[in-house]
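Notes to accompany the following structure.
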Amino acid sequence: MVVSDGRVHSAKVPTTPGDQGEAVVQAVTAALAAAGIGPAQVGRIAHGMTVGTNAMLEGTGARTALVATEGLEDVLELRRQDRASLYRLDIAHPPPLVPAERVVPARERVGATGVVTALTPEAIDAVVDRLRSIDPEAVAIGLLFSYAEPGHERAIAERLRAEMPGVHVCASSEVLPEVREYERIATTALDAYLTPVLSDYLQSLGARADAAGLPAPAIMQSSGGLMPLEHAAAHASRTVLSGPAGGVVGAADVARADGADVALAFDMGGTSCDVALITCGRPGRTHGCVVAGHPVHLPMLDIETVSAGGGSIAWADAGGALRVGPRSAGAVPGPAAYGRGGTTPTVTDANVVLGRVGGDLGVGGTITLQAEPALRAVAHLADALGLSADECARGIVEVAVQQMVSALSVVSVERGVDPRPGVLIAFGGAGPLHACAVADGLGMDHVTCPATAGVLAALGMVVAGERRDHVQSVLLPSRESHALQAAVAPLVDRASAELPAGRIEVRADCRYAGQSHALTVEWDLQAPAAALEDAFHAAHERTAGQAMRGEAVEVVSVRVAAITDGPPLDLHPVDEPVAVHAGPLSLPMHGSTCWVAEGWSAAVHADGTIRLARA
């Protein structure tokens, strides 16, 4: 997507699985040609991707070793000692990214109050010797209490970087200086596992962009802000939700234009569906999630993902129930309707059978949906279920819709927000196609399908600003204001140095003394300590239904972000519609199709935006 003089020009090209950067540059070049702009006129490129996520799902990350405190080598195996599924004993957690045979003990120990067992040169020698025998591509270093005393991790990291050139080394005190050793070490292992893969991809992409006369792309982080390519290449863990984050930022831009106090971002693509809550034009944030069964304990947008996309495969389980996903037909061969040899029925095939979508998908004219292969695929499953092809197709869509409704309920109802008065913002290649059914499931009356629905994630990256996040665990009483100020000052200085033009936002993770978990609240550094406590009491009352104002409050961690706003673009004008249609009917969109269900009306605006309302 290219934005020039307030106008949007977009292009889609097929994925190039061998080197995804090739397709990225092809798409940029095609969009520039559509806009009549040369590479030399490009001021900024923003890029989001799923390279890291795909490596996690496919198990194609780097051969990684872990250096752990002697006696704590099993930290990744033990996890939190919770079940993968509470009531299904046959479901197991995915294996750790670092198997037990590649975990190296370091003879050292740091306690809560300082060094207990010093790290000697001989202990470092033993670690280096053992790692050489493992021959890793990446090494994660995760020692006990390193968030408070990082000296031992730094000593090991410096030695490894000097003696094992070409091996990526990351220490948990660099990646995530926070309490909770499992989440900290697991996130560091993930960073080590993904960074060599992402670094190769980004370096190749940067070289391709340079050869095409384009600037180096800025990379979308999971937090919804951009960072320089070289920073992303150094720490891949910050980009695991890079692609979905762009879509949520774009949806937030649409929500602000609509004036919606509450909006739900509904991004349905080919493999998965990503959803998020947006309040007052701002997406929700969190400090961790689980991706492909592995914890990622870093600042990110609060996004829920389910395996319900256009390419999700429908199947019958052992009990004869219709299921959809998690397997996907992917881009190759894709749904049967693509005519590329696919034979398994997908959500896209079901919609083709129902007559809701057809024709050119808008991917460079290379994919045209074909009805006969889609019908054959759905009919084969229908026979196994004892249904007609039409009944089976409707069932496939309904099952997929229920999965998406459940995910949207998690980010709204389970966050204490009633979605019914809000606006559902539907985008992605398949979002507008299912928007009415999803809104019905949530009891919502209004849907906005942006004109750029098929490429809204790209638009989100265009309007995104830059962001740098830093965190440090402190474990201090809230009334110790001088100690807290001293702890937060280095983070503010670091964030300001990295992004001098950025505004500084500070938050604190607070809890009542004795609690296990904390709530994050905004913190005005100029306000008295009592203001931070009041903010926490109010947050606790909203979340738990009560505030215990007489109890002591503890600050677990402090968080600092430097933020710049994106370019001031007005890309979502709200004007009078040029046409109004009553359902049921299909309305073509650029890169997508909007299905207007019976009982709904569609107002089509001059820029191509479609706003749906319950009739």
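Each reported figure results from applying straightforward, stated rules to the coordinates on display, with no laboratory input. Everything quoted here is computed from the prediction, not taken from an experiment. All Cβ positions, even for glycine, are placed from backbone atoms using ideal geometry, and neighbour counts span all protein chains on display.
Structure values in brief
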| quantity | calculated |
| --- | --- |
| Rounded to whole Å, sorted largest first: equivalent-ellipsoid semi-axes of the stretch 364-411, Cα gyration tensor | 24, 20, 6 |
| The chain, helix-only ellipticity at 222 nm - DSSP H runs n ≥ 4, -39,500 (n - 2.57), divided by all residues, nearest 500 | -11000 deg cm²/dmol |
| Positive-end residue of 438, 294, 223, charge dipole of the chain with Cβ unit charges | 438 |
| Residue 497-residue 410 pseudo-label distance in nm [points 7 Å out on the Cα-to-Cβ vector] | 3.9 |
| Label-point gap, in nm, between residue 282 and residue 380 - each point 7 angstrom along Cα→Cβ | 5.1 |
| Label point distance in nm, residue 231-residue 574, each placed 7 Å from Cα along Cα→Cβ | 3.3 |
| Extension gain, residue 134 back to residue 480 (0.36 nm per residue minus Cα-Cα distance, nm) | 119.9 nm |
| Sorted peptide list for 431-438, 506-513, 142-149, criterion being average Cβ within 10 angstrom, highest first | 431-438, 142-149, 506-513 |
| Förster radius 35 Å - calculated FRET efficiency between residue 20 and residue 261, Cβ distance, rounded to 0.05 | 0.40 |
| 12 Å reach of a label modelled at residue 390, 7 Å along Cα-to-Cβ, counting backbone N of the stretch 319-359 | 354-355 |
| Cβ-defined net charge surrounding residue 611, 13 Å radius [Lys, Arg +1; Asp, Glu -1] | -4 |
| Cα gyration tensor category, rounded, prolate or oblate, for the stretch 58-198 with a/c compared to 1.5 | oblate |
| Estimated FRET transfer efficiency (residue 525, residue 318; beta-carbon r; R0 56 Å; 0.05) | 0.45 |
| Approximate shape of the stretch 128-268 as ellipsoid semi-axes (Cα gyration tensor, √5λ), whole Å, largest first | 34, 21, 11 |
| The stretch 467-563, relative contact order [Cα under 8 Å, separation at least 6], % | 47 |
| Answer label, with mean projected area of the Cα convex hull in nm² calculated from the coordinates and candidates [x] 30.3; [y] 34.0; [z] 28.8 | [z] |
| 4 °C / 1.567 mPa s Stokes-Einstein diffusion coefficient of the stretch 467-563, Kirkwood radius on C-alpha pairs, µm²/s | 95 |
